[in-house]
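Have a look at the structure below before the remarks.
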Amino acid sequence: MSHANAALTPRHRLKLARAVVEDGWTIRYAAAVFNVSWPTAKRWADRYRQGGPDAMDDRSSRPHRCPRRTPRPVVRRIVHLRWRKRLGPVQIADRLGLAPSTVHAVLVRCRLNRLSHIDRVTGEPIRRYEHDRPGALLHVDVKKLGNIPDGGGWRYVGRPQGRKNRAATPGKPRNAHHHPKIGTAFVHTVLDDHSRVAYAEIHDDETAATAIGVLRRAVAWFATRGVTVHRVLSDKGSAYRSHAWRDACRELGITPKRTRPYRPQTNGKIERFHRTMADGWAFARMYLSESARRRALPGWLHEYNHHRPHTAIGNQPPITRLTNLSEQYN
């Protein structure tokens, strides 16, 4: 593409070329009129004779031949070592007798220069999936957070003051070392695979009865928005492996699915939601008590679902995708 101060834009190149080829101007005269050099005027006139008006655009600077380009068998060996061994450019170069810069150039060209582009376990390129309608699959999981003592936690007040706040929080049991046990908040989250709309509740345990109650209320919550749930995906936590969970899913007309062991990537949408939730709500500001943090969750969920743009769905809030497609399919 010609730069902003170029003497000849594609439109003026065409005028020059037609003046020479069709009107009979000399190269010298056309160069003087258009204020360019003689070789420039001749170049565009010759290109017009060969390709017509379409030849007036800039050509790619890529050479037609690359005799010193890395051979394809070597490229395949570099890609194989990157996929299977997840080695860096220096290690691959040492094994193959190449320069690290050459290996890096090949990895960039094959879009393998960052290990985040490769599955951590299998070494294969990451395969992303998304169901085509709301309710086709719900992701469920539990996020554990330590309760906040009265006066604030150590993340904001520092560890010495945090220990004092723990000790001063009334009504807490003691552990074997006589330290107060603040307890754990279990955030049960449900996420729609297609729209990324989230539903969450905070409880004091992660038993099967609690998880089933959250699922029933989440299914009802989605139903009020016109979404019918068909499948639910969970990890192999004890609550999700129970017969009670299986029976509850069967009663609701939902097919339960489970991820493979040690593969959180399969449930990656809700894992990424937990990170967003931690940054946007759990640790976003200083809370003076656990009850204050729990009261802030519904407001943050509304912000996430209705106002926060989501990059995976075209920088739109999740609720917009759920609303549009739920009307189409239901």
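The values are calculated or read from the model by the stated rules, or taken from the named source; none is laboratory data. Values in this document were obtained by computation on a predicted structure and should not be read as measured data. Ideal geometry is used to build each Cβ from the backbone, glycine not excepted, and the neighbour counts take in all protein chains shown.
Right, GLU251: exposed (fewer than 14 other Cβ atoms within 10 Å of the Cβ) and under 20 Å from THR210 (Cβ atoms) or not?
Details: exposed (fewer than 14 other Cβ atoms within 10 Å of the Cβ): yes; under 20 Å from THR210 (Cβ atoms): yes.
Considered against the rule, which asks whether it is exposed (fewer than 14 other Cβ atoms within 10 Å of the Cβ) and under 20 Å from THR210 (Cβ atoms), GLU251 comes out as yes.
Condition (residue is under 30 Å from GLY151 (Cα atoms) and either in contact with a His (Cβ under 6 Å, 6 or more places away or on another chain) or free of Cβ contacts under 8 Å to residues at least 12 places away in the same chain (or both)) applied to segment 230-242: is it met by at least one residue?
Step one: list which residues in segment 230-242 are under 30 Å from GLY151 (Cα atoms), which gives none.
Within segment 230-242 (the criterion being under 30 Å from GLY151 (Cα atoms) and either in contact with a His (Cβ under 6 Å, 6 or more places away or on another chain) or free of Cβ contacts under 8 Å to residues at least 12 places away in the same chain (or both)), the answer is no, since none of the residues qualifies.
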I need every pair where a residue in segment 89-112 that is of a type in the set (S, T, N, Q) has its Cβ under 8 Å from the Cβ of a residue that is in a loop (DSSP other than H, G, I, E, B), sequence separation at least 6 or different chains. THR102/THR70
Scan segment 250-301 residue by residue and report those that are touching a residue at least 12 places away in the same chain (Cβ under 8 Å) and among the hydroxyl-bearing types (Ser, Thr, Tyr). THR255, THR259, TYR262, THR266, THR276, TYR287, SER289
Determine the pairs where a residue that is assigned by TED's automatic domain parsing to the domain that holds TRP44 and assigned to a loop (DSSP other than H, G, I, E, B), located within segment 16-28, has a partner that is surrounded by 12 or more Cβ atoms within 10 Å (Cβ to Cβ) and small (Gly, Ala, Ser) with Cβ atoms under 7 Å apart, the partner being 6 or more residues away or on another chain. TRP25/ALA19
Please go through segment 267-308 and pick out each residue that is assigned to a helix (DSSP H, G or I), surrounded by 13 or more Cβ atoms within 10 Å (Cβ to Cβ) and basic (Lys, Arg). LYS269, ARG272, ARG293, ARG294
